[in-house]
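To start, the structure under review is shown below, and the notes come after it.
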Amino acid sequence: MEEAPASATRKQRTLQSVCRLFLFAAIATTVAWVLKPPSNPEPLTLFLDHDGTFSYDRQGGEKLSSSEIKHWRTADHQAASGHLILDCFESTKVCEWDVVISELEKRGYVDFQLRIPNETMNFHLPVFYGRTYRTGATQQLIKLGESRIPGINQEADVYVEIGKTTTCGELISATRKYRAAGTSMFIVGNSVWARSSSEDQDHQPPKRSLADKLRGILPR
């Protein structure tokens with residue numbers, strides 16, 4: 001008659017040990033999940049300075065020449081980050097990006113974001129010429145300069161011609177009211193840039209997960 005309480009006590013202790021083990025495993029799993037590296041890396045960034053030199057990642061970052069970009073990494077990183085950021089001043093001429101964009105296209109980069117202080121514009125290179133861009137009945141022409149390309153096969157709701165002196169600030173300012181969702185655009189200068197009718201939605205930066213947000217709160 002005295003063995004029953006002892007047996008119950010042993011079972012209770014075993015159950016408590018199992019519960020502690022499960023609790024420890026749950027806490028360890030949660031901590032590992034919170035502290036793991038972000039699954040979505042930040043978009044790559046190239047900064048173009050006034051002197052024509054490029055910096056990797058940020059203004060004042062690691063310097064790169066346009067020739068070095070020929071040997072730059074392939075676009076594997078971009079598959080996770082969405083687009084590559086071209087950061088510059090308002091006074092930077094659009095054509096100053098042409099050589100770099102051409103080299104990046106060879107490396108597999110086709111989605112970009114042009115960024116000047118306080119404003120951005122997403123675009124892509126129209127490498128898939130079977131895509132339809134025209135969505136409206138009329139077409140708006142914006143002429144900021146003389147394009148060196150006589151014409152393109154596709155039509156878009158807004159057609160922008162830029163010249164060799166057109167600045168990034170002028171381009172972003174002139175297209176501001178036409179960059180709403182549902183409007184497509186071609187920007188034609190020494191090369192062709194395109195915006196689909198859902199460009200901004202298609203190339204939003206990756207959303208931060210709960211784990212990423214918690215890592216931002218926790219002290220380092």
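The values are calculated or read from the model by the stated rules, or taken from the named source; none is laboratory data. Owing to the predicted nature of the structure, the values given are computational and were not obtained by experimental measurement. Cβ atoms come from the backbone with ideal geometry, glycine included; neighbour counts cover every protein chain shown. Just the protein is used for accessible areas: all its heavy atoms, side chains included, with ligands, DNA and RNA removed. Shrake-Rupley method; radii C 1.70, N 1.55, O 1.52, S 1.80 Å.
Ranked from the most accessible area to the least, with a 1.4 Å probe and all protein chains present, what is the order of Arg195, Arg107?
On the way: Arg195 5, Arg107 65 Å².
If we order Arg195, Arg107 from most to least accessible, we get Arg107, Arg195.
Summing Lys, Arg as +1 and Asp, Glu as -1, what charge do residues with Cβ under 14 Å from the Cβ of Leu114 carry, Leu114 excluded?
On the way: positive: Lys93, Arg115, Arg176, Arg179, Arg195; negative: Asp87, Glu90, Glu96, Asp98, Asp111, Glu119, Glu170, Glu199, Asp200.
Neighbour charge sum, excluding Leu114 itself: -4.
Can you give the accessible area of Ser173 in Å² (nearest 10), computed on protein heavy atoms with a 1.4 Å probe?
60 Å²
Any chance you could look up the accessible area of Arg115 with a 1.4 Å probe, heavy atoms only, rounded to 10 Å²?
Near enough 70 Å² of accessible area.
Arrange the residues Tyr56, Tyr159, Tyr109 by how much accessible surface each exposes, largest first, with a 1.4 angstrom probe. Write out the running numbers ahead of the final one.
Values: Tyr56 55, Tyr159 30, Tyr109 0 Å².
Descending order: Tyr56, Tyr159, Tyr109.
How long is the gain from Tyr56 to Glu155 if the chain were fully straight, where each residue apart is worth 0.36 nm and the alpha carbon distance is subtracted?
Numbers: separation 99, 0.36 × 99 = 35.64 nm, distance 3.47 nm.
The span from Tyr56 to Glu155 would gain 32.2 nm if fully extended.
Along the Cα→Cβ direction, 7 angstrom out, place labels at Lys106 and Leu21. What is the inter-label distance in nm?
Distance between the two pseudo-spin positions: 6.0 nm.
Ordering Lys63, Lys93 by accessible area with a probe of 1.4 Å, largest first, what comes out? Spell out each step's value before the answer.
Details: Lys63 105, Lys93 80 Å².
From most accessible down to least: Lys63, Lys93.
Label 7 Å along Cα→Cβ of Arg176; the stretch 82-119 residues with amide nitrogen under 16 Å?
Output list for this probe position: 90-91, 115-119.
Quick check: residue separation of Thr120 and Thr165 times 0.36 nm, minus the Cα distance between them. What number comes out in nm?
Numbers: separation 45, 0.36 × 45 = 16.20 nm, distance 1.97 nm.
The span from Thr120 to Thr165 would gain 14.2 nm if fully extended.
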